[in-house]
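In what follows, a single structure is set out as structure tokens and then discussed.
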Amino acid sequence: MHIIQNRRSFLASAAAVGVAGVLGTTTRAWAEPLPETTTIRLAKISGICIAPQYVAEELLRLEGFTDVRYVTSEPGYGTSEMIARGEVDFSLNFAAPLAVAIDAGDPIMVLAGVHPGCFELFGNESIRSMRDLKGKTVGVQGLGSTPHVFLTSMAAYVGLDPQKDIRWVTDPAVRPMELFIKGKVDAFLGFPPEPQELHARNIGHVVVNSAIDRPWSQYFCCMLAGNAEFVRNNPVATKRVLRAILKAADLCVAEPWRIARQIVDGGFAANYDYALQTMSEVPYGKWREYDPEDTIRFYALRLHESGMIKSSPHEIIANGTDWRSLSEVKRELKT
């Protein structure tokens, strides 16, 4: 009964706020062919900036999916690996690691950008800019992890050699944030809810905030990607998933307090205040404005310059992106 009430509350609130295209265009879905499958699997990770996929369940049901599953990532496996291995069909994932996966030949297709601005670089008093990372220690969960890949691209952008100029500190048993709090590393890159916790505890200071600092604020952080075989074999289902998640992003803009409560109640986040801060600060509405291809090109170029990938940006875009469904959905939602 509690689950039913939550669903009814979600739909009622979505209709009440009048978000453009959230529920008003569902008749278009009825006029389309039925999805090739009624089961959709999405990833569940510790990061809460991917909230649109966590609150999209009812929108996905309106699109014709009767079985919506959330698959928890296994230790040692990133979201890109889950998509490539076919363990999930779709997930929001970070732009730079997606470029690395595509370069490695993983069967991944990037379909849209969803939002920029969720990561923050924290430093101690010795670090005031990205260039100050030269010769310093930076904590990451592992080489090749999302923070490591993003920081590699950021360091390359300001002229550092990420392999020679930065001392990477990894400890699989300890979160990089804890290493930073204990003073064992000079800097680390945090994703929600980590930045929110450090702000609340008044620990460290922000060197780069990707929501406001250029050029990072001008590109997507999280993008929707799907298993390439699923996308190829299920074009109708793919478009319907994309439409539901972009509508869910609109809900994050329209009612951040309700979305924060929903992801906490759903077990996707533990702290309501951190969730609300994330929903209020991450610019979820930017999917309507930014060009996702620009994001892939930007990060692929940085990673190519650093030697982390061999493919050119053109090859990454040609082999691992498909914007056709996005173009159709944008026209439908009049963006």
Checklist outcome for this item: Projecting the Cα atoms of W257, A99, V114 onto the charge dipole of the chain, where Lys and Arg contribute +1 and Asp and Glu -1 at Cβ, the residue farthest towards the positive end is W257
Checklist entry - Normalised by the number of residues in the chain, what is the relative contact order in percent for Cα pairs under 8 Å and 6+ residues apart? => result 27
Item to check | For the chain: accessible area per residue (Å², 1.4 Å) | outcome: 42
Next on the checklist: In whole Hz and in residue order, list the ³J(HN,Hα) couplings for the range 190-200 that follow from phi through the Karplus curve 6.51 cos²θ - 1.76 cosθ + 1.60, θ = phi - 60°; x for Gly and Pro.
Outcome noted: x, 10, x, x, 4, x, 5, 5, 5, 4, 4
Next on the checklist: Quick check: pseudo-label points 7 Å beyond the Cα along Cα→Cβ at E328 and K184, how many nm apart are they?
Outcome noted: 5.0
Checklist entry - Where the centroid of each part is defined by its Cα atoms, how far is the range 184-254 from the range 29-73 in Å? => result 17
Item to check | DSSP-assigned coil residues among trypsin sites (Lys or Arg not before Pro) in the range 92-145, each with at most 11 further Cβ atoms within 10 Å | outcome: R128
Checklist entry - Ordered by residue, what ³J(HN,Hα) values in Hz, to whole numbers, does the range 104-112 give under the Karplus form 6.51 cos²θ - 1.76 cosθ + 1.60, where θ = phi - 60° and Gly and Pro are x? => result 7, x, 5, x, 10, 10, 7, 10, 5
Checklist outcome for this item: With label points set 7 Å from each Cα along the Cα-to-Cβ direction at R232 and T37, the distance between them in nm comes to 1.4
Checklist outcome for this item: Using alpha-carbon positions, the gyration tensor of the range 145-297 gives root eigenvalues a ≥ b ≥ c; with a/c under 1.5 called rounded, otherwise prolate if a/b exceeds b/c, else oblate, the class is oblate
Next on the checklist: Report, in listed order, any pair from K44/K164; K44/K136; K44/K239; K44/K247; K239/K334 with a Cα-Cα distance greater than 27 Å.
Outcome noted: K44/K164; K44/K136
Checklist outcome for this item: About its Cα centre, the range 112-173 carries a charge dipole, from +1 on Lys and Arg Cβ atoms and -1 on Asp and Glu Cβ atoms, whose size in debye to the nearest 20 is 160
Checklist outcome for this item: Output ordering of 327-333, 47-53, 142-148 (per-residue mean of other Cβ within 10 Å, highest first) is 47-53, 142-148, 327-333
Checklist outcome for this item: Relative contact order in percent for the range 130-265 (Cα pairs under 8 Å, 6+ apart) equals 21
Checklist outcome for this item: One finds, for W257 and K164 with R0 = 41 angstrom and r their Cβ-Cβ distance, a FRET efficiency to the nearest 0.05 of 0.35
Next on the checklist: Give me, ordered by chain and number, the residues 5 or more places off Y70 or on other chains with an amide H under 5 Å from its own placed amide H.
Outcome noted: L42
Checklist entry - What percent do you get for the relative contact order of the range 231-335 when only Cα pairs under 8 Å and 6+ apart count? => result 26
Checklist entry - Which of the aspartates and glutamates could a cross-linker span from K184 if the Cα-Cα distance has to be under 14 Å and same-chain partners fewer than 8 positions apart are dropped? => result E125, D171
Next on the checklist: Rounded to the nearest 20 debye, what is the charge dipole size of the chain about its Cα centre when +1 sits on each Lys and Arg Cβ and -1 on each Asp and Glu Cβ?
Outcome noted: 360
Checklist entry - At a 1.4 Å probe radius, carbon and sulfur cover how many percent of the accessible area of the range 118-191? => result 48
Checklist entry - If we count every other residue with Cβ under 11 angstrom of A84's Cβ, Lys/Arg +1 and Asp/Glu -1, where does the sum land? => result -3
Item to check | Full-extension gain in nm, S217 to R128, via 0.36 nm per residue minus C-alpha separation | outcome: 30.2 nm
Checklist outcome for this item: Ordered by number, the trypsin sites (Lys or Arg not before Pro) in the range 156-228 that occupy a DSSP loop and have at most 10 other Cβ atoms within 10 Å are K182
Checklist outcome for this item: Carbon and sulfur atoms account, in whole percent of the 1.4 Å probe accessible area of the range 217-317, for 48
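The values are calculated or read from the model by the stated rules, or taken from the named source; none is laboratory data. Note that the structure is a prediction, hence the values are computed from the model and not measured. Ideal geometry is used to build each Cβ from the backbone, glycine not excepted, and the neighbour counts take in all protein chains shown. Heavy atoms of the whole protein, side chains included, go into the accessibility calculation; ligands, DNA and RNA do not. Shrake-Rupley method; radii C 1.70, N 1.55, O 1.52, S 1.80 Å.
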